[in-house]
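Here's the structure we're looking at; comments come further down.
The values are calculated or read from the model by the stated rules, or taken from the named source; none is laboratory data. Just so it is clear, the model here is predicted, and its values are computed rather than measured. Cβ: placed from backbone, ideal geometry, glycine included. Neighbour counts: every protein chain shown.
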Amino acid sequence: MSTTIVVGVDGSDSALEAVAWAAKAAERQGKSVSIVSAYETQGALYAPALVIPQDVIDIIRQEAHDHVDTAAAKARDVAPGVSVKTKVAEGRAGTVLVSESQHASLVVVGSRGLGGVKGLFLGSVGVNLVAHASCPVVVYAGAGGTGPVVVGLDGSALSEGAVAAAFEQASFLDTGLVVVHTWTDLASDSLHGYGLEPDQLQELADDAREVVAERIAGFGADYPDVEVTRVIVPDGPAHQLIEHAKDAQMLVVGSRGRGGFAGLLLGSTSQAVLHRATCPVLVVKPAPEG
């Protein structure tokens with residue numbers, strides 16, 4: 001298994017913040033950091049049929065080198081004992097980082113690029129990376145607080161992987177873990193409107209508690225230092241995750257949940273989480289098939 005955390009940088013403040021977070025994570029976990037920047041010199045990206053002069057290409061390439069050098073200095077400053085390497089590659093940032101993920105234990109990116117618009121970043125590099133990376137991805141959406149790690153559990157095998165990662169991160173961070181499970185997108189008052197009786201609602205709630213108990217069974221023995229809080233409610237999952245992650249140090253989700261399609265980003269739930277989170281969001285990938 002790789003012991004390298006890859007961080008993508010583009011010269012933005014968000015990328016530098018992601019580098020600092022990744023360096024500290026590497027320090028906690030005994031890993032190294034590889035800082036990667038990408039540049040593109042295809043004329044079509046700038047104007048149709050444009051041939052970019054070599055001196056301009058040299059400037060673009062040098063900017064990418066400057067970005068990784070600045071980021072490397074930041075990483076060494078916040079985590080002096082961590083081994084830091086740099087790499088500059090030609091190509092689209094998302095494609096380069098997906099390639100780098102094949103040899104990484106984790107890939108980290110900031111949630112906002114140079115454009116400063118969070119949604120635009122997540123619509124391009126971030127979504128492509130999370131959809132196709134070979135390892136877990138952290139989208140750094142802010143430093144977060146001093147609270148617990150929060151994880152979403154929907155009963156799928158993938159969310160069990162997210163729970164495993166969340167226990168590990170909570171242990172690394174020496175903090176508690178909040179496991180959030182919503183057994184319907186509707187609040188209980190709405191459910192009464194659909195003709196469900198109190199005993200039927202209680203049965204649904206009991207089933208949900210059993211699902212959570214089964215999915216986290218065994219982790220307590222592996223991580224006795226992690227105190228677990230269970231949140232089991234009828235409500236929208238994104239709302240509950242964001243609500244309980246207000247002071248979280250990290251929010252953990254699976255890249256696909258119930259009814260998900262390969263290559264999509266956990267549907268509306270993860271999109272909402274990534275756009276509204278104020279802490280690092282760890283997106284756990286499915287295990288390779290076969």
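Okay, residues lined up against (1) in a helix (DSSP H, G or I); (2) under 30 Å from residue 165 (Cβ atoms); (3) not assigned by TED's automatic domain parsing to the domain that holds residue 136:
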{"site": "19", "(1), (2), (3)": "yes, yes, no"}
{"site": "22", "(1), (2), (3)": "yes, yes, no"}
{"site": "26", "(1), (2), (3)": "yes, yes, no"}
{"site": "37", "(1), (2), (3)": "no, yes, no"}
{"site": "41", "(1), (2), (3)": "no, no, no"}
{"site": "56", "(1), (2), (3)": "yes, no, no"}
{"site": "63", "(1), (2), (3)": "yes, no, no"}
{"site": "76", "(1), (2), (3)": "yes, yes, no"}
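Taking region 128-144, which residues are outside any loop (DSSP other than H, G, I, E, B) and touching an Asp or Glu at 6+ places or on another chain (Cβ under 8 Å)? So that I can check it myself, show each step before the final result.
Taking region 128-144 first, the residues outside any loop (DSSP other than H, G, I, E, B) are 128-132, 137-140.
Once the filter is applied, which keeps residues that are outside any loop (DSSP other than H, G, I, E, B) and touching an Asp or Glu at 6+ places or on another chain (Cβ under 8 Å), region 128-144 yields only 140.
Only one entry of 7, 84 meets the criterion of being over 21 Å from residue 249 (Cα atoms), among the aliphatic types (A, V, I, L, M) and touching a residue at least 60 places away in the same chain (Cβ under 8 Å), and that entry is 84. Please go through region 11-58 and pick out each residue that is aromatic (Phe, Trp, Tyr) and at pLDDT 90 or above. 21, 39 - these are the residues of region 11-58 that are aromatic (Phe, Trp, Tyr) and at pLDDT 90 or above. Count, please, the residues in region 173-189 that happen to be at pLDDT 80 or above and outside any loop (DSSP other than H, G, I, E, B). Looking only at that region, the number is 7.
The residue of region 190-209 that is surrounded by the most Cβ atoms within 10 Å (Cβ to Cβ), among those that are modelled with pLDDT under 55 and within 33 Å of the chain's Cα centre (by Cα), is 191.
If residue 259 satisfies every condition in (1) modelled with pLDDT under 80; (2) surrounded by 13 or more Cβ atoms within 10 Å (Cβ to Cβ); (3) assigned to a loop (DSSP other than H, G, I, E, B) but one, which is the exception? The single condition residue 259 does not satisfy is (2).
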